[in-house]
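Input: a single structure, listed below in structure tokens.
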Amino acid sequence: MTVIAVTLPLTLAYAGLTALALAMKRHHEAALGAKPPAARLRGFRIAGWVLIALMVASCLRLWPTGLALSMALGLVTLAGLPLVFLLPYRPRLMVRLAPVLPVLAVIATVVLS
Amino acid sequence: MKAGLRQSMAWLHTWSGLLLGWLLLAMFVTGTSAYFREEISLWMAPELHHSQPSPDTPALAWAALNAKAPDAKSWDLQLPEARSPVAQLRWQPDTPQAEDGGRRRGERAVMDAGTGELLEPRASRGGDFLYRFHFELYGVPRIWARWLVCVATMFMLVAIISGVITHKKIFKDFFTFRPGKGQRSWLDSHNATAVLALPFHFMITYSGLLIFMVMLMPWGMNAAYQDGWRGFFQDVFPRDEATTEPGAPAAMTDIAPLLARTEATFDQPVRRISVDWPNRDNAVIHISTDKAPAITDKRRGGNPTLVFNGVTGELLETQPGDEAVPGAFRVYNLFVNLHLARFADPTVRWLFFLFGVGGTAMVATGMLLWVSKRTQQLRGKAPGAALRLVNGLNIASLTGLLAALAAYFAANRLLPVELAARESWEIRVFFLTWLLALGHALLRPDRRGWIEQLAANTALWAALPLLNVATTDSHLFSAAGWRHGALAGFDLVCLILAGVWGYALWRVVQRRTIRGQGPLPQRSRPQQSMAQGPRSKRGARTAEDSA
């Protein structure tokens, strides 16, 4: 198992959690600066859970089931910590990283493995 | 009624967390380091750094054992692997005295895996000291220490559950961190590190208790077996005793084909070879490989092993057999394997290390929150003796322990190799540094104490890689240091930690209003940004009031 392989579920977890944070009114306003309509919040919530589901799926590809589910929980933790600290200091960076990081991870996984 | 429950849980959380927090902090720090126990042990034995495994290693080790102990009772040979580049040789002499103490330790040697030369590493407990400290402390009778650690763990479980009940807005505040607001920031960071890593915290605490379940809850076993846990273990883990009588001298079969066959059977590299009655006509050779990385064991038994007749090379047995592991046992295995990260490859090991750091941060922020809240309530008055004591103990248990850890590593490089009882001196340096830090912290249980100990930590941790350059030839700027990732990794982690302490130092020096005793400006904050709207303020207050 290389470090590279873990970047995909990790960045997917980050993107998923960012979407879930943006689905919360308070964080949405702080990060995107606008009062969100309810439909948009719901959109973010759905997107967030879909990303988390994708993340679990990518873990299941990497590890046997039991380990994969444990690691999925762990990677959500690991992705959440930078998110929590980016949110107050650099909210825009937090949002911008969310789509970029998984793409970079996919490229890295494809190129380096 | 509901408020009543939350209040009482908050009380429980605050006081169980504070009283056992210092011990838990030490357990978290040493336990986290224990994920890299073997790497730390390797770092602390520079004499082994130049060993490089080769395809000839098993043959060399076989020859070394034949030369060292041809007529031993048993041999045990551990081949090098990613985490340890040397071959470990152990043997049990065929003398009645060897069995006397009941602990059958036998003799041991370390072999350079490339040259076959026997190495003599400096005497050091290495990572084992930290690993043992994690659950047995040091210098306390083992059984007492284990009970104490288990009580602390039980209270940690209590703190986790009461913390979840106390935390009113667990989902609403899931991502909330409000920096620069003293007590509230500590509360937020305590919540963030606790809630986000809750699965890990729960797993590590509960599994920690499960590991000691035989000690903690012996009644079932005592009721079912006349000889208590001994009988239980004999039933659950039946041990086949080796033939107790040596056979007639005989030449053993060539080991190479047996190794190849084992590797082919299990599709894993061979890790361990053990022999009962080597060079006798009743010799039995056990060859084991790594386990496949899985966190549940579906089959009973240890690592995949082939058992051969030592003279003819005939296959006697394949282990583990087909006996399935019962459900409860699998749950136990799952938790214990997770706690010890037994299945972990390097990446997963690093993840567990980071979770351990997160757990340490969770305990530390909780204890800082306790002091911060009470400092804030003083509104500028001088703190009383109790608050100063707690703050002093916080300093000693956080920065003091980490300074002691750095001193332990430094002592490994600085103490003369020929010093008598050298390994004990390394440990003495650890405790003397810790004691010194405790004395210092109790004399200065305030901002100055933090600043000085953070400065000491920055210097000590930054000094370790430099010390390594001065005293070894396997440092960051050498090929040998990078050949085993563990060595360069160790030095890099030291540098990162030095950076973290340096940053923390800078922050404490900058923010005199928050950690100091001056009046706290955020009490009369005129305006709040959107992110700290009225709702979040109310949320924080409920938790504050009850903390």
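The values are calculated or read from the model by the stated rules, or taken from the named source; none is laboratory data. The model shown is predicted, which means the values in this text are computed figures rather than measured ones. Here Cβ is always computed from backbone atoms with ideal geometry, including for glycine, and neighbour counts include all displayed protein chains.
For the reader, a short list of remarks on this structure follows.
- From the options B:THR205, B:THR193, B:THR176, B:THR265, residue that is assigned by TED's automatic domain parsing to the domain that holds B:PRO320 and of a type outside the set (Phe, Trp, Tyr): B:THR265
- Residues being crowded, with 24+ Cβ neighbours inside 10 Å and more than 30 Å from B:GLU418 (Cβ to Cβ) - total across the stretch B:32-61: 0
- Top-ranked residue in the stretch A:21-54 [being in contact with a His (Cβ under 9 Å, 6 or more places away or on another chain) and surrounded by fewer than 22 Cβ atoms within 10 Å (Cβ to Cβ); ranked as nearest to A:ALA68 (Cα to Cα)]: A:PHE44
- Checklist (1) in contact with a Ser or Thr (Cβ under 8 Å, 6 or more places away or on another chain); (2) over 27 Å from B:TYR206 (Cα atoms); (3) buried (at least 19 other Cβ atoms within 10 Å of the Cβ) applied to B:MET362, failing item: (2)
- Here B:TRP186 passes the criteria (1) more than 12 Å from every other protein chain (Cβ to nearest Cβ); (2) at pLDDT below 90; (3) more than 18 Å from B:TRP370 (Cβ to Cβ) except the one numbered (3).
- Test for B:VAL363: is it at pLDDT below 90 and within 22 Å of the chain's Cα centre (by Cα): no
- Within the stretch B:241-290, tally of residues that are over 13 Å from B:LEU306 (Cα atoms), of a type in the set (Asp, Glu) and either at pLDDT below 85 or within 32 Å of the chain's Cα centre (by Cα) (or both): 2
- Where helices (runs of 4 or more DSSP H) fall wholly inside the stretch B:72-177, the ranges with 2 or more residues that are surrounded by 15 or more Cβ atoms within 10 Å (Cβ to Cβ) and within 20 Å of the chain's Cα centre (by Cα) are B:126-136, B:142-166.
- Some residue of the stretch B:206-228 being crowded, with 22+ Cβ neighbours inside 10 Å, part of a helix (DSSP H, G or I), on the phi < 0 side of the Ramachandran plot and touching a residue at least 60 places away in the same chain (Cβ under 8 Å): yes
- For the stretch B:134-142, the criterion of being among the hydroxyl-bearing types (Ser, Thr, Tyr), assigned by TED's automatic domain parsing to the domain that holds B:LEU354, in contact with a Lys or Arg (Cβ under 9 Å, 6 or more places away or on another chain) and within 29 Å of B:PHE409 (Cα to Cα) is met by at least one residue.
- Listing of helices (runs of 4 or more DSSP H) fully contained in the stretch A:6-113 that carry 3 or more residues being free of Cβ contacts under 8 Å to residues at least 60 places away in the same chain and more than 17 Å from the chain's Cα centre (by Cα): A:25-32, A:38-62, A:65-89
- The number of residues in the stretch B:446-495 that are basic (Lys, Arg) and farther than 27 Å from B:SER51 by Cβ comes to 2.
Let's see how each residue does on (1) modelled with pLDDT of 80 or more; (2) part of a loop (DSSP other than H, G, I, E, B); (3) within 28 Å of the chain's Cα centre (by Cα); (4) not aliphatic (A, V, I, L, M):
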site	(1), (2), (3), (4)
B:ASP297	no, yes, yes, yes
B:GLY302	no, yes, yes, yes
B:PHE308	yes, no, no, yes
B:VAL311	yes, yes, no, no
B:LEU316	yes, no, no, no
B:GLY321	no, yes, no, yes
B:PHE329	no, no, yes, yes
B:ASN333	yes, no, yes, yes
B:LEU338	yes, no, yes, no
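- Residues in the stretch A:46-88 that are of a type outside the set (S, T, N, Q), more than 19 Å from A:HIS27 (Cα to Cα) and within 8 Å of another protein chain (Cβ to nearest Cβ): A:TRP63, A:PRO64, A:GLY66, A:LEU67, A:MET71, A:LEU73, A:GLY74, A:LEU75, A:LEU78.
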